[in-house]
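*Asks:* I'd like to ask some things about the structure below.
The values are calculated or read from the model by the stated rules, or taken from the named source; none is laboratory data. Treat the numbers as computed from the prediction; the structure is a model and nothing was measured. Neighbour counts are summed over all protein chains in view; Cβ atoms, including those assigned to glycine, are modelled from backbone coordinates with ideal geometry.
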């Protein structure tokens, strides 16, 4: 098993290095950094961060903010949590015409985007109800609003939620603290009307599970061009990121 999947209780008691680790999708575990120096790769060093796995064994940091536990990275799975595949749609006109679950990578470039930014999904993926790992779900407006209230309100929340690295934000990332550990990155989005990719490096558009009407749902927007986190309604065909929250 790759060392990045070696996640378990933060204790070395009764570790059976030659047997299965019993890692369960959706569970949070303290993560152990494994030494890369030759001859010491079996010596774990504790790192103070919880992690969880999705159905494909993608690894995500998690963070507690107030009473809520959030994924601290964008979802990147290509499968629902029952193991069935989500349709990958690189073609722009096809994306704009869909009313079924689909995902994509920004600019159709998995290598440049999967690890750092995650995937972009339409709302029909959210609507399925089984995109997040077992024990997690896509947050609704009430849960997003509680997050913003917990950190002092939407008007000043952006700097508390953004990743501090300028690599992921193109406008200098002014005032950023990422005090929550939420680590939002400028993952961009995909237009519903023509399937074009937009605003990578300046916007993180996150799906809410709350619908506005039969064609539109809510999104929460984090940008380095404003201190505020804003809410908008857009067509369900919009490609946006997903952040799961623990049940």
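*Asks:* Within the group 116, 107, which residue is modelled with pLDDT of 95 or more, in contact with a strand residue (DSSP E or B) (Cβ under 8 Å, 6 or more places away or on another chain), in the same structural domain as residue 193 (by TED's automatic domain parsing) and not in a loop (DSSP other than H, G, I, E, B)?
*Replies:* Numbers: 116 fails: in contact with a strand residue (DSSP E or B) (Cβ under 8 Å, 6 or more places away or on another chain).
Matching residue, one of 116, 107: 107.
*Asks:* Say we look at segment 61-76 and pick out the residues that are assigned to a strand (DSSP E or B) and surrounded by fewer than 16 Cβ atoms within 10 Å (Cβ to Cβ); which of these is modelled with the highest pLDDT? Steps first, please.
*Replies:* Within segment 61-76, the subset assigned to a strand (DSSP E or B) is 61-65, 68-71.
The next check asks that each one be surrounded by fewer than 16 Cβ atoms within 10 Å (Cβ to Cβ); those that pass are 64, 68.
Working: 64: 93, 68: 96.
Result: 68.
*Asks:* Considering segment 187-202 alone, what residues qualify as being free of Cβ contacts under 8 Å to residues at least 60 places away in the same chain and either under 24 Å from residue 153 (Cα atoms) or not assigned by TED's automatic domain parsing to the domain that holds residue 72 (or both)? Write out each step before concluding.
*Replies:* The first filter runs over segment 187-202 and keeps only residues free of Cβ contacts under 8 Å to residues at least 60 places away in the same chain, leaving 198-199, 201-202.
Selection gives 201, 202.
*Asks:* Modelled with pLDDT of 95 or more, within 15 Å of residue 75 (Cα to Cα) and under 15 Å from the mean Cα position of the chain (by Cα) - does that describe any residue in segment 139-153? Spell out how you get there, then give the answer.
*Replies:* Applying the first criterion (modelled with pLDDT of 95 or more) to segment 139-153 yields 139-153.
This time we only want the ones that are within 15 Å of residue 75 (Cα to Cα), so: 139.
Filter once more, keeping what is under 15 Å from the mean Cα position of the chain (by Cα): 139.
Within segment 139-153, one or more residues are modelled with pLDDT of 95 or more, within 15 Å of residue 75 (Cα to Cα) and under 15 Å from the mean Cα position of the chain (by Cα).
*Asks:* Would you be able to tell me the number of residues in segment 221-247 that are more than 16 Å from the chain's Cα centre (by Cα), crowded, with 18+ Cβ neighbours inside 10 Å and more than 16 Å from residue 117 (Cα to Cα)? Outline the logic, then answer.
*Replies:* Filtering segment 221-247 down to residues more than 16 Å from the chain's Cα centre (by Cα) leaves 224-238.
Next, from what is left, pick out any that are crowded, with 18+ Cβ neighbours inside 10 Å: 224, 229, 234, 236-238.
This time we only want the ones that are more than 16 Å from residue 117 (Cα to Cα), so: 229, 234, 236-238.
Within segment 221-247, residues that are more than 16 Å from the chain's Cα centre (by Cα), crowded, with 18+ Cβ neighbours inside 10 Å and more than 16 Å from residue 117 (Cα to Cα) number 5.
*Asks:* How many residues are over 23 Å from residue 179 (Cα atoms) and without any contact (Cβ under 8 Å) to a residue 24 or more places away in the chain when one looks only at segment 115-153?
*Replies:* 1
*Asks:* I'd like the residue in segment 77-114 that is in contact (Cβ under 8 Å) with a residue 12 or more places away in the chain and over 20 Å from residue 236 (Cβ atoms) and, out of all such residues, is surrounded by the most Cβ atoms within 10 Å (Cβ to Cβ).
*Replies:* The qualifying residue surrounded by the most Cβ atoms within 10 Å (Cβ to Cβ) is 113.
*Asks:* Looking for something over 20 Å from the mean Cα position of the chain (by Cα) and on the phi > 0 side of the Ramachandran plot - is there at least one such residue anywhere in segment 174-189? Please lay out each step first, then the result.
*Replies:* Narrowing segment 174-189 to residues over 20 Å from the mean Cα position of the chain (by Cα): 174-175.
Now narrow it down to the ones that are on the phi > 0 side of the Ramachandran plot: 175.
Yes: segment 174-189 contains one or more residues that are over 20 Å from the mean Cα position of the chain (by Cα) and on the phi > 0 side of the Ramachandran plot.
*Asks:* Of all the residues that make up segment 178-220, how many are surrounded by fewer than 19 Cβ atoms within 10 Å (Cβ to Cβ) and under 15 Å from residue 148 (Cα atoms)?
*Replies:* Total satisfying the criteria: 3.
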